[in-house]
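Below you'll find the structure, written out as structure tokens, and then a few comments.
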Amino acid sequence: MSADLVSTVCPYCALGCGMYIRVEGGRAVGIEYMADHPVNEGALCPKGNAALEILHHSDRLLHPLRREGDVWVQISWDQALDLVAGAIKQALQRGGPDSLGFLSSSKATNEANYLIQKLARVLGTNNVDNCARLCHAPSVFGLGRSLGTGAMTNPISDLENSRCIFVIGSNFAETHPIVARWVMRARDRGARVIVADPRKTPTSWMADLFLQIRPGSDLALLQAMMKVILDQGLMDHRFIAERTRGFQDLADSLRGFSLEWASDVTGVTVADIVRAAREYARSEASSIVYSMGITQHVCGTENVVACSDLAMICGHLGRPGAGLFPLRGQNNVQGACDMGALPRVYPGYRRTKHQNSVDTFRSGWNVSCLPAEGGFTANEMLDAALEGRISTMYVVGENPVSSEPHSGKTRRALEGLDFLAVQDLFMTETARLADVVLPAAAWAEKEGSFTSTERRVQWTSQAVMPPGEARSDLWIVSEVARRLGLDFNYSGPQEVLEEINRMVPSYAGITRERLSAVGGAIWPCPSPDHPGTPILHHDGFVTPDRRGRILPVTYTPPVDSLTDEYPLQLITGRLSLHHNTGSMTRRSPSLLSRVPDLDVEIHPEDARELQVEDGQMVVVSTRRGETRAQARLTPRVRKGTAFMSFHFPGTNLLTADALDPTSRIPELKASACKIVRW
Ligand code: SF4
């Protein structure tokens, strides 16, 4: 390889597609495809192909900034770091450690996430979270309860080996396009594809059987499929007997279950429910692919548990082509969780409430005490800020003003803080509310490891220098910590990774040397000579008795009820050309030019009643707020529903902030709304 080709990983979705950056004269001038990469085999989707556009963008933050009234003043790094450390010290003195809140970044490296959560905990609080709270916290909890670990069970390429792929709540053809390559290969080898979604999406076009369910009715569909499987005796009796516990409780819970009721709730015929259940159960190896369509509900954890139940009663786990595929969103959301940037677990998912976890990290970090009480989740931190219980927040690479539901409330919470520091590439909607803004290096301007949705840990090397005075997250967090008198004297990410190797057993063998190879290594990888573990649960689950837990589930309808005033169900999701809050893709000219504005998809029959025409501006409102959008009339949405992407700031002014009681994920996917002509 030529010296000016630098190996890296795509900064957008969590698939971890590899690529090379071509560097000339200190600038990233092009992308070279990485044909031997195990996930993308050289292919990239439009976002991956456009990844370099943000690096040299004129909007990049170049210097630390301090707010003075409505004006931003450029300050030195020393001044900025002193201000952040000073505000943290003041909060500690006035309100104690739990008056602090930290949002870690699922865009940052594992090493930076590790240090951010360590900083919070060494200061005495577990108030640290990342944007997994908005996407796959139900997977962490749901799969954690049933299988013992909340991660994807098989690698993405293993979808090729499935004979039946059941997709529920995922439009991967747009959100994670490289997945579609593996699903198409499975289809070419004869696999059946079943897609359940309220919208006719590009993913649904691949389906042999498409179930256009009503928003929020996923659990009723999953229960109904299990009922069919039980009634028709399609279970894997041996797997249930040898590998699981709790089957009888599930069977008892479904005894009076009515398929006709499920058909009413879901809008899917009984015949199609039966077909889906039989195809999933009877294939030699079936997979379930799911994403935020099922997790962003008040019953998000129950939905995930139901997927896990379905897989276990049919024995579709622990072997090639048979698994659970939660498709995570941001490029390092898996790693941020693995590193313990969550309020109730230390790195490696060790529970904060278990004294041996606290003792392990107290001795490993050489500190006298660490917090054991669980901290606040991201949305709980915002509520605590509104109540005055959190006074100071440090937000790294997250944009809660756009990403959290009910964003009017989020804005009020952040505006009311005594001090807010935001570290990011651009002046995001959240950074605009900060007291101090810290300019961060982008992924290609620093080095470190990222963990993809399939647990694949990969190293990205630094291709170019950060612009202006921007610095890596790792450097900035270490400097803040040092000003607080903490021993964060790391020589660089490699030394932090060595500490991770010591403190996180599943990463023990994931050394810098191992990560030099294309494709890195897949955890658990407990020793340097371990090959990694592409398929989990092959010979036992990660529970104390190595048996999976089959758990009964209870259907819960969406909280935000439809009324005469708010008669339409608003669902939100991603588009192929944008990502998350759009802070990067809305600055990427080739992506923005193709999708420049916020649209709302409306069914033509609803539009006729509303007297709305295609392309017309409308006002979409819910009980929480309103925003303008351009109407797109399309039969892709069910009559009675509307769809908006969440890549533009207006959408989350509307969304519901009711929480799943277990994982605390908000119900972003079902909000009662009305639409009027503007
Ligand atoms: Fe990047 Fe995801 Fe597209 Fe791959 S599929 S190129 S990781 S955005």
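The values are calculated or read from the model by the stated rules, or taken from the named source; none is laboratory data. The structure presented is a predicted model; accordingly, all values stated were derived computationally and were not measured. In this analysis, Cβ positions are derived from the backbone assuming ideal geometry, glycine residues included, and neighbour counts consider all displayed protein chains. Surface accessibility is based on the protein's heavy atoms, side chains included, excluding ligands, DNA and RNA. Shrake-Rupley method; radii C 1.70, N 1.55, O 1.52, S 1.80 Å.
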- Query: So how far apart, in nm, are the two label points at Ala517 and Arg608 if each is 7 Å from Cα heading toward Cβ?
  - Reply: 6.1
- Query: What ranking do 442-452, 263-273 get when scored by the average of other Cβ atoms within 10 Å per residue, highest first?
  - Reply: 442-452, 263-273
- Query: Computed FRET efficiency, Cβ-Cβ of Asn489 and Gln79, R0 30 Å: what is it to the nearest 0.05?
  - Reply: 0.85
- Message: Please give me, ordered by residue number, the trypsin sites (Lys or Arg not before Pro) of the stretch 326-361 that lie in loop per DSSP and have at most 15 other Cβ atoms within 10 Å.
- Response: Lys353
- Task: Can you tell me how much longer the chain between Arg22 and Met617 gets when fully stretched, taken as 0.36 nm per residue apart minus their C-alpha distance, in nm with one decimal?
- Result: 210.0 nm
- Query: If contacts are Cα pairs under 8 angstrom and at least 6 residues apart, what is the relative contact order of the stretch 4-54 in percent?
  - Reply: 31
- Restricting to Cα pairs under 8 Å and 6 or more apart, the percent relative contact order of the chain works out to 20
- Query: Does the stretch 4-54 come out rounded, prolate or oblate by the C-alpha gyration tensor, with a ≥ b ≥ c the root eigenvalues, rounded set by a/c under 1.5 and, if not, prolate when a/b is larger than b/c and oblate if not?
  - Reply: oblate
- Message: Antiparallel versus total DSSP beta bridges in the chain: what percent is that, nearest 5?
- Response: 50
- Query: Residue-wise, which Karplus ³J(HN,Hα) couplings in Hz belong to the stretch 351-368, taking 6.51 cos²θ - 1.76 cosθ + 1.60, θ = phi - 60°, and x for glycine or proline?
  - Reply: 4, 5, 7, 8, 4, 5, 5, 4, 5, 4, 7, 4, 6, x, 9, 6, 10, 7
- Query: In whole Hz, what ³J(HN,Hα) sequence does the stretch 272-284 give by Karplus (6.51, -1.76, 1.60; θ = phi - 60°), x for Gly and Pro?
  - Reply: 6, 4, 5, 4, 4, 4, 5, 5, 5, 5, 8, 6, 5
- Task: Could you work out how far apart the two model spin labels at Thr634 and Ala241 are, taking each label as a point 7 Å from the Cα in the direction of the beta carbon, and quote it in nm?
- Result: 5.0
- Task: Quick one: which residues, 5+ away or cross-chain, put their amide H under 5 Å from the amide H of Ile522? H built at 1.01 Å from N.
- Result: Val457, Thr533
- What part of the accessible area of the chain, given as a whole %, is carbon or sulfur when the probe is 1.4 angstrom? 48
- Under Karplus coefficients 6.51, -1.76 and 1.60, residue-wise ³J(HN,Hα) of the stretch 646-654 in Hz, glycine/proline x: 9, 8, 10, x, x, 4, 7, 5, 9
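What ranking, highest mean first, results for peptides 84-96, 470-482 when packing means the other Cβ atoms within 10 Å averaged over each residue? Could you put the intermediate results ahead of the total?
Details: 84-96: 17.1, 470-482: 22.8.
Order by mean packing, descending: 470-482, 84-96.
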- Message: Suppose the chain between Asn366 and Val676 were pulled fully straight at 0.36 nm per residue; how much longer would it get relative to their current alpha carbon spacing?
- Response: 105.6 nm
- Item | Length gained when the stretch Glu469-Arg185 is fully extended (0.36 nm per residue, less Cα-Cα span) | 97.6 nm
- Between rounded, prolate and oblate, where does the stretch 333-459 land on the alpha carbon gyration tensor, with a ≥ b ≥ c its root eigenvalues, rounded for a/c under 1.5, else prolate if a/b exceeds b/c? oblate
- Hey, which lysines would be in cross-link range of Lys669, C-alpha to C-alpha under 20 Å, not counting anything within fewer than 8 residues on its own chain? Lys200, Lys409, Lys639
- Query: For the chain, what is the accessible area per residue in Å² when the probe is 1.4 Å?
  - Reply: 34
- For the pair Glu373 and Asp36, the simple spin-label estimate (label points 7 Å beyond Cα toward Cβ) gives in nm 5.4
- Quick one: grab the alpha carbon gyration tensor of the stretch 568-677, order the square roots of its eigenvalues as a ≥ b ≥ c, and give me rounded if a/c is under 1.5, else prolate or oblate depending on whether a/b is larger than b/c. oblate
